[in-house]
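See below for the structure under consideration.
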Amino acid sequence: MSVLAVNNLTKRFGKFTALDGVNIEVNEGEIYGFIGPNGAGKSTTIRVLLGILKATQGNAKIFGQDAWSDAVEIHKHIAYVPGDVNLWPNLTGGEVIDLFVKLRGNNNKSRREELIQKYNLDPTKKCRTYSKGNRQKVALVAAFASDADLYILDEPTSGLDPLMEQIFQECVLDVKSKGKSVLLSSHVLSEVEKLCDRVGIIRQGKMIESGTLSELRHLTRVHMLVETKQTLTGLYELEGVHAIEEKDQAVSFQVDAEELDNVIKHVSAFGILKLESTPPTLEDLFMRHYEQKDESEVGGAS
Amino acid sequence: MAQSLFKKTGSLFRFMLRRDRLRIPLWLIGITFFTLIVPIAFVDLYASQHERDGLAETMANPAVTAMVGPGDLENYTIGAMTSHQMLLFTAVVVGLMSIWLVARHTRADEEDGRIEMIRSLPIGRVSNLNATLLVLCVTHVILALITGFGLYALGIESMGLEGSLLYGASLGGIGIFFAGVTVVFAQLSESSRGTIGFSIAVLLIAYLVRAVGDVGNETLSWISPFGWVTQTEVYANNHWEPLALMVGVAIVLGVLANYLNAIRDLEAGFFPARPGRKKASAFLQSPIGLAVKLQCTGMIAWAIGMLVMGVAYGSVLGDLEAFFEGNEMMEQMLVAEEGYTLTEQFIPSLMVVMALLATVPPVMAMLKLYGEEKKNRIDHLLGRAVSRTRLMGSYLIISVVNGFVMLSLTAIGLWSAGATVMEEGLDFGTIYGAALVYYPAMLVMIGLAVLFIGVLPKLGSVIWLYVFYTFIVLYLGGLLDFPDWVGHLSPYGYIPELPVDEMEWVPISILVIIAVILMIAGFIGYHKRDIEG
Ligand SMILES: Nc1ncnc2c1ncn2[C@@H]1O[C@H](COP(=O)(O)OP(=O)(O)O)[C@@H](O)[C@H]1O
Ligand SMILES: [Mg+2]
């Protein structure tokens with residue numbers, strides 16, 4: 001069942017088109033990764049979803065209700081962490097957390113203490129003294145301390161250290177295990193890869209790809225590092241091999257997922273001493289998409 | 001070491017001038033225009049010495065002295081009139097300009113993290129501070145020169161070169177003085193709001209101390225920088241000594257600020273930071289609770305200010321009474337209004353100024369809603385189960401109550417001080433009524449603020465121009481003999497002047513209706529627009 005559905009969403013700021021026909025669907029119990037470079041339109045999409053911005057065209061529905069006109073009703077079941085957490089300098093973190101939890105409606109006191117401990121936050125300090133990471137922690141504690149059905153998180157880890165990122169991921173998986181849904185925007189691709197069931201990629205206001213990670217594998221490349229008994233030759237002639245680099249005795253290169261079989265066959269003929277392969281990252285997926293697009297554009301022009 | 005503290009002050013100075021390349025010229029043009037237009041108008045309106053003496057007669061009372069300071073009433077030339085009516089008032093405006101400009105370049109930049117970027121460059125620790133002071137000094141020297149020579153260039157007989165230059169220099173001097181004050185508070189306070197708040201508090205106190213001093217106790221006036229401004233006796237005796245006092249104290253303040261800046265951490269202040277609450281109080285659990293908490297300190301400060309202002313004006317009433325008793329001509333001139341003492345007849349002209357000042361805090365309270373939006377903090381509320389109506393409604397309620405309280409406090413202050421110093425005392429109902437009758441006009445201003453926030457938030461600060469316009473019209477309206485429609489462009493122009501005038505319910509009711517319409521339109525607009533971020 002779909003919890004969140006964005007249909008052909010367009011948002012213009014004056015003449016500037018920030019979002020151009022965006023479609024997103026998040027199902028119940030699913031973690032959806034919303035990826036794009038800076039300025040792609042992630043925050044804009046999310047702010048339309050929250051009814052803070054009004055869609056120019058198209059619509060956004062959450063729990064089947066309209067994101068703009070039924071905002072308050074929807075928000076009773078949503079937890080949101082903004083990308084840029086600005087807090088009131090003269091309130092303490094503890095006060096802000098309480099206020100935020102209270103403003104949603106339902107309260108969960110024990111969870112609050114537990115999360116404050118977990119995130120190692122001092123709730124008696126004024127927000128003025130908090131670093132970016134600490135402000136983000138305040139928003140995260142407030143979000144996870146409330147029993148929401150949908151968590152909307154806009155680049156929530158951009159200020160957190162790796163240890164805190166770990167804890168954040170635990171929190172996300174924890175709410176998922178309770179059957180809740182998550183919309184997680186990020187430009188940190190490895191994070192999305194670890195957590196998300198499906199991803200959507202946005203660039204310059206347009207969704208360029210979406211689907212499950214395995215569906216997007218055709219866009220990805222495996223990184224390989226091989227050392228062979230005989231000198232490895234003929235790589236350049238093979239299809240689907242990229243970025244060949246000689247390193248001491250070994251050779252590193254990238255292989256398109258669909259050409260993997262051919263390449264391994266070719267390489268094994270030289271007597272493999274060492275073979276390392278790293279799974280494709282979303283970075284590659286990204287690169288690959290644009291390359292493909294450039295190629296097809298060039299092709300179209302000729 | 002010492003040299004490295006000041007490194008690159010010059011570059012920062014040029015950078016600030018560039019950032020303010022519109023702001024400062026606009027301030028200067030505004031103030032100069034204002035300074036020059038008034039004597040020109042006086043020449044038209046009070047052409048003969050006879051007319052001017054007539055005016056001087058009505059000015060010769062403590063209530064006026066409290067408001068505009070002492071003047072050379074014996075020899076009321078155009079020059080004497082200009083310096084009497086305008087110098088102090090313009091000095092206050094120049095002081096405010098200094099406060100805003102300094103706060104903007106010091107604590108506000110620091111609070112928003114911009115100074116941190118600057119400090120990471122090879123730039124001295126106190127360079128920013130001194131570049132700011134330099135910008136302000138240059139600005140005020142220019143102000144002094146153009147107003148000074150400008151006044152002289154008008155070619156009005158009683159406005160000689162020395163007096164004109166002293167006039168300009170007094171404005172520049174007070175500007176430099178308040179730059180010094182603000183730069184110290186920018187070190188002491190951790191926020192730009194605090195910096196501006198404390199500095200304006202000093203400005204108001206200085207004004208009031210002078211008011212009380214000018215009426216009764218001349219030594220008291222010498223404590224206040226505004227006292228120094230009026231002691232220059234521009235276009236009469238032309239004393240230059242008070243200027244040395246202003247600049248001297250400003251230099252001391254500047255050195256103090258340099259010292260404080262050099263020994264403190266970036267983004268820290270000197271006022272002690274109290275450890276905060278671990279949990280939110282029961283009070284801080286709703287948008288309205290949050291809004292009150294955020295503005296609490298400021299509102300209390302304003303409330304005290306309003307009360308003190310009421311008391312200050314009220315305490316003048318006793319002197320006024322004594323003054324009338326000894327002046328038969330005045331008694332005959334003003335006795336026409338039946339049923340009211342002469343003193344009471346002065347109340348409307350005090351009230352309108354106080355009502356207008358009391359409009360500032362509620363309008364600020366309303367505009368705070370947009371201030372929060374610009375700082376991206378509204379998302380936290382609207383992203384939760386808070387509707388836009390509830391959010392805006394919370395701010396509106398605070399603003400409306402705030403305005404009522406502020407007006408009431410001025411009336412209470414005026415009445416209680418007046419009652420103690422006057423022989424017969426004052427009727428509380430009369431005073432309170434004379435104050436509250438301005439409430440509908442205040443509601444229109446608040447309604448306008450709501451409308452701006454709902455429809456054209458970026459232009460919200462235009463409302464201050466409107467408040468300022470009203471102030472000018474009411475302050476100078478009688479003096480400059482404006483046509484009626486000029487006053488009627490402001491809601492305050494429709495308020496009956498109680499207790500002298502009859503109460504009129506029609507304009508009052510219409511104003512209330514207009515206020516409600518503005519508010520509804522604002523709410524509708526707020527519902528339809530994007531929240532900025
Ligand atoms: N209120 C606004 N007015 C004009 N342009 C905006 C506004 N908000 C965002 N934009 C523009 O829309 C684009 C998308 O921004 P955003 O959604 O914040 O990107 P991101 O994916 O990094 O979150 C950017 O080019 C940004 O400059
Ligand atoms: Mg963003």
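The values are calculated or read from the model by the stated rules, or taken from the named source; none is laboratory data. Everything quoted here is computed from the prediction, not taken from an experiment. Please note: Cβ atoms are built from the backbone with ideal geometry, for glycine as well, and neighbour counts cover all protein chains shown. The area values use the complete protein model at the heavy-atom level, side chains included, leaving out ligands, DNA and RNA. Shrake-Rupley method; radii C 1.70, N 1.55, O 1.52, S 1.80 Å.
If you take the beta carbon distance between A:GLU237 and B:ASP530 as r and set R0 to 51 Å, what does 1/(1 + (r/R0)^6) give as a FRET efficiency, to the nearest 0.05? Can you show the working numbers first?
Details: r = 56 Å, r/R0 = 1.09.
Given R0 = 51 Å and the Cβ-Cβ separation, E is 0.35.
In terms of Cα to Cα distance under 18 Å, which lysines are near enough to B:LYS278, apart from those fewer than 8 places away along the same chain?
Within the straight-line cut-off, B:LYS278 pairs with A:LYS102, A:LYS109, A:LYS118, A:LYS125, A:LYS126, A:LYS137, B:LYS293.
Of the listed peptides B:253-262, A:38-47, what is their order by residue-averaged count of other C-beta atoms within 10 Å, with the highest listed first?
Numbers: B:253-262: 18.1, A:38-47: 21.1.
Highest-to-lowest ranking by the protection proxy: A:38-47, B:253-262.
Computing the accessible area with a 1.4 Å probe over protein heavy atoms, can you report the carbon and sulfur percentage for region A:107-179? List each step's numbers first, then the result.
Values: 1420 of 3000 Å².
The nonpolar share, carbon plus sulfur, comes to 47 percent.
Which value in nm describes the separation of the simple spin-label points at B:VAL486 and A:SER158, placed 7 Å from the Cα toward the beta carbon?
5.3
How shielded is A:94-101 by partner chains, expressed as the average number of their Cβ atoms within 10 Å of its Cβ atoms?
Details: counts 5, 10, 4, 3, 8, 11, 5, 3.
For this peptide, the per-residue mean of nearby foreign Cβ atoms is 6.
As an exercise, find the ratio Rg/Rh for region A:221-279 from alpha-carbon atoms, using the Kirkwood inverse-distance average for Rh. Present the calculation step by step, with values, prior to reporting the outcome.
On the way: Rg = 10.1 Å, Rh = 11.2 Å.
That ratio equals 0.90.
Scan around B:PHE482 for amide H atoms under 5 Å from its own, H built in the peptide plane at 1.01 Å from N, and keep only partners 5 or more places away or cross-chain.
Those qualifying (amide H under 5 Å, at least 5 residues apart or on another chain) number zero.
Please compute how much accessible surface disappears when B pairs with A, both sides summed, using a 1.4 Å probe, and round it to the nearest 100 Å².
Details: alone 24250 and 15040 Å², together 35920 Å².
Interface between B and A: roughly 3400 Å².
Which of the listed residues, A:TYR130, A:GLN254, A:TYR236, is farthest toward the dipole's positive end in chain A, when Lys, Arg count +1 and Asp, Glu count -1 at the beta-carbon?
The Cα lying farthest towards the positive end belongs to A:TYR130.
Using packing as a proxy for protection, rank B:423-433, B:52-62, B:443-453 so that the peptide with the highest average count of other Cβ atoms within 10 Å comes first. Before the final figure, lay out each step's value.
Values: B:423-433: 14.8, B:52-62: 17.3, B:443-453: 25.1.
By packing density, highest mean first, the sequence is B:443-453, B:52-62, B:423-433.
Once amide H atoms are placed 1.01 Å from N in the peptide plane, what residues at a sequence separation of 5 or more from A:ARG203, or on another chain, have their amide H within under 5 Å of its amide H?
The answer is A:ILE208.
Apply the Karplus parameterisation 6.51 cos²θ - 1.76 cosθ + 1.60, with θ equal to phi minus 60°, to every residue of region B:51-65 and state each ³J(HN,Hα) to the nearest whole Hz, in sequence, with x for glycine and proline.
4, 5, 5, x, 5, 4, 4, 6, 7, 7, 8, x, 4, 5, 4
If amide H atoms are built 1.01 Å from N in the plane of the peptide, which residues on other chains or at least 5 residues away come under 5 Å of the amide H of A:VAL182?
Hits under the 5 Å cutoff: A:GLU30, A:ILE31, A:TYR32, A:TYR151.
Placing unit charges on C-beta atoms (Lys and Arg positive, Asp and Glu negative, everything else neutral), compute the dipole magnitude of the protein assembly as shown about its Cα centre in debye, rounded to 20.
Working: 66 positive and 86 negative charges, 597 e Å.
I would put it at about 2860 debye.
No solvent, one uniform scatterer per C-alpha: report log10 I(q)/I(0) for chain B via the Debye equation at q = 0.05, 0.11, 0.12 1/Å, two decimals.
-0.21, -1.08, -1.27
Roughly how big is region B:9-263's charge dipole about its Cα centre, with Cβ charges of +1 (Lys, Arg) and -1 (Asp, Glu), in debye to the nearest 20? Please report the intermediate quantities before stating the final value.
Numbers: 13 positive and 19 negative charges, 269 e Å.
Dipole magnitude for region B:9-263 comes out near 1300 debye.
For a label point 7 angstrom out from the Cα of B:GLU162 toward its Cβ, which stretches of region B:48-84 have the backbone nitrogen within less than 20 Å?
Label zone hits: B:71-84.
Would you mind getting the accessible area per residue of chain A, heavy atoms of the protein chains only, 1.4 Å probe, in Å²?
Numbers: 13360 Å² over 302 residues.
Here the per-residue accessible area is 44 Å².
Can you tell which of A:VAL192, A:VAL141, A:LEU91 lies farthest toward the positive end of the dipole of the protein assembly as shown, using +1 and -1 charges on the Cβ of basic and acidic side chains (Lys, Arg; Asp, Glu)?
A:VAL192
Short version: ³J(HN,Hα) in whole Hz for each residue of region B:18-23, in order, from phi by Karplus 6.51 cos²θ - 1.76 cosθ + 1.60 (θ = phi - 60°), x for Gly and Pro, what are they?
5, 5, 9, 5, 9, 4
With the full set of protein chains in place, find how many percent of the accessible area of region B:182-266 is carbon and sulfur; take the probe as 1.4 Å.
Numbers: 2470 of 3580 Å².
Of all accessible area on region B:182-266, carbon and sulfur atoms account for 69 percent.
Stokes-Einstein D for region B:287-528 at 37 °C, 0.692 mPa s, Kirkwood Rh over Cα pairs, in µm²/s?
The diffusion coefficient I find is 172 µm²/s.
Residues of region A:114-135 with amide nitrogen under 13 Å from the 7 Å Cα-to-Cβ point of A:ASN38?
Of the residues in region A:114-135, none has backbone N under 13 Å from the label point off A:ASN38.
In debye to the nearest 20, how big a dipole does region B:287-528 give about its Cα centre with +1 on each Lys and Arg Cβ and -1 on each Asp and Glu Cβ?
On the way: 10 positive and 20 negative charges, 524 e Å.
Once rounded to the nearest 20, the dipole reads 2520 debye.
Run the numbers for A:PHE16 and A:LYS178: contour at 0.36 nm per residue of separation, minus the present Cα-Cα distance, in nm. Mind dumping the intermediate values first?
Working: separation 162, 0.36 × 162 = 58.32 nm, distance 4.04 nm.
That pair, A:PHE16 and A:LYS178, stretches by 54.3 nm at full extension.
For peptide A:86-93, compute the average count of partner chain beta-carbon atoms within 10 Å of each residue's beta-carbon.
On the way: counts 9, 4, 7, 6, 10, 7, 6, 2.
Across the residues of A:86-93, the mean count of other-chain Cβ atoms within 10 Å is 6.
Which sequence of A:CYS171, B:CYS137 reflects their accessible areas, 1.4 Å probe, from the largest down? Show your work: numbers first, answer last.
On the way: A:CYS171 0, B:CYS137 50 Å².
Most to least solvent-accessible, the answer reads B:CYS137, A:CYS171.
Between B:ILE397 and B:SER281, what is the label-to-label distance in nm when each label sits 7 Å out along the Cα-to-Cβ direction?
Each label point lies 7 Å from its Cα, and together they span 1.7 nm.
How many nm separate the modelled label positions at B:TRP240 and B:VAL138, each set 7 Å beyond the Cα in the direction of the Cβ?
Rounded to a tenth, the inter-label distance reads 2.5 nm.
Which one, B:ALA211, B:GLN231, B:PHE178, is farthest towards the positive end of the dipole of region B:9-263 when Lys and Arg carry +1 and Asp and Glu -1 on their Cβ?
The listed residue farthest towards the positive side: B:PHE178.
Rolling a 1.4 angstrom probe over the protein heavy atoms, how many square angstrom per residue are accessible across chain B?
On the way: 22550 Å² over 533 residues.
For chain B, the per-residue accessible area is 42 Å².
Classify region B:9-263 as rounded, prolate or oblate, taking a ≥ b ≥ c as the square roots of the eigenvalues of its Cα gyration tensor: rounded when a/c is under 1.5, otherwise prolate if a/b is larger than b/c and oblate if not.
Working: a/c = 2.62, a/b = 1.84, b/c = 1.42.
Prolate.
Short version: which residues of region A:26-71 lose at least 30 Å² of accessible area, all chains versus chain alone, 1.4 Å probe?
Those residues are A:ARG47, A:ILE52, A:LYS54, A:TRP68.
What are the semi-axes of the equivalent ellipsoid for region A:2-216, taken as the square roots of 5 times the Cα gyration tensor eigenvalues, largest first, in whole Å?
Working: eigenvalues 147, 69, 59 Å².
Gyration-tensor ellipsoid for region A:2-216: 27, 19, 17 Å.
Can you give me the % of accessible surface on region B:1-157 that is carbon or sulfur? Probe 1.4 Å, all protein chains present, nothing else counted. Display every interim value, and only then the final one.
On the way: 4580 of 7040 Å².
Within region B:1-157, the accessible surface is 65 percent carbon and sulfur.
Take peptide B:286-297, look around each residue's Cβ out to 10 angstrom, count Cβ atoms belonging to other protein chains, and average those counts. Show your work: numbers first, answer last.
On the way: counts 3, 2, 0, 2, 6, 0, 0, 5, 4, 0, 1, 1.
Counting Cβ atoms of other protein chains within 10 Å of each residue's Cβ and averaging gives 2.
With the Cα gyration tensor of the protein assembly as shown giving a ≥ b ≥ c as the square roots of its eigenvalues, does the rule (a/c under 1.5 for rounded; else a/b larger than b/c for prolate; else oblate) give rounded, prolate or oblate?
Details: a/c = 2.75, a/b = 2.08, b/c = 1.32.
Note, shape of the protein assembly as shown comes out prolate.
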